[in-house]
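Worksheet: one structure, shown below.
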Amino acid sequence: MSLVFKKRLLFFLNIYKMKLIKKRLLAYWKKSVLFTAGLVFLATAQNGFAGMLGATTLSISATLVDACVVESIAGKNFGTYPSLGAGDVTDEPAGSISIRCSSGLSYRILFNSGQNPISVFRQMRRGASADLIRYSLKRADTNVIVGDKNPISGYGYIVTMPFFVGITGVGDDNPDDYSLSADLFFSASSHVGGTYTDSVSVTIHW
């Protein structure tokens, strides 16, 4: 084998080795890229899952309290009577009140003394004059005068208007209806003709 031939053979062998090395390096580089991309994807997925684990809860609440409401309330026009010779009128229908309270809730309906009280009587007044007609306001089913305090007795009768009792009850979520009646005392004195009125405040306590 000549020297020239040996040199050429060595030259081609070196070229072949370089191509082989280049091919192996390229394959290694592709594997490295795939492995790195896999790590990036894994890290991203893990970060997303960690965000879900960090979720919290939102607390929602509401509070209801027992109460009463007025369903209806109505007064009464007692009609027309002669200014002279009219006798007293008893147990005249005088309106009604209906309330509804939460089940088990105790309540009281209180009636004040009106605009023109005297002793144990309420009074209706004719306009701005000094002319008055006495009357009593009662719970119809018990015939007891209604007021805004607890009763205090003296000498067998209730001594002042503010000490008449109100109406008491216990709610059951349904309307409680109460009818009122009145006694009109026309015979107490003579009266001037005209329209007589009064206003009674009603409050509910529970």
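The values are calculated or read from the model by the stated rules, or taken from the named source; none is laboratory data. Since the structure is predicted, the reported quantities are computational estimates derived from the model, not experimental observations. All Cβ positions, glycine included, derive from the backbone under ideal geometry; neighbour counts span all protein chains shown.
Against the condition surrounded by 10 or more Cβ atoms within 10 Å (Cβ to Cβ), in the same structural domain as K138 (by TED's automatic domain parsing), at pLDDT 90 or above and closer than 22 Å to Y135 by Cβ, how does I109 come out, does it pass?
yes
Going by the conditions given, is V200 modelled with pLDDT under 95, assigned to a loop (DSSP other than H, G, I, E, B), within 19 Å of S72 (Cβ to Cβ) and in contact with a Ser or Thr (Cβ under 9 Å, 6 or more places away or on another chain)?
For V200, the condition - modelled with pLDDT under 95, assigned to a loop (DSSP other than H, G, I, E, B), within 19 Å of S72 (Cβ to Cβ) and in contact with a Ser or Thr (Cβ under 9 Å, 6 or more places away or on another chain) - is met.
Condition check ((1) small (G, A, S); (2) assigned to a loop (DSSP other than H, G, I, E, B)) across all residues:
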site	(1), (2)
G104	yes, yes
I109	no, no
S113	yes, yes
A130	yes, yes
R134	no, no
K138	no, no
D141	no, yes
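Return the residue satisfying two criteria in turn: it lies in segment 118-143 and is surrounded by 18 or more Cβ atoms within 10 Å (Cβ to Cβ) and within 22 Å of H205 (Cβ to Cβ), and of such residues it is nearest to the chain's Cα centre (by Cα).
The selected residue is R139.
Quick one: in segment 171-197, which of the residues that are touching a Leu at 6+ places or on another chain (Cβ under 7 Å) and either in a loop (DSSP other than H, G, I, E, B) or surrounded by fewer than 16 Cβ atoms within 10 Å (Cβ to Cβ) (or both) is modelled with the highest pLDDT?
For segment 171-197, the residue satisfying everything is G171.
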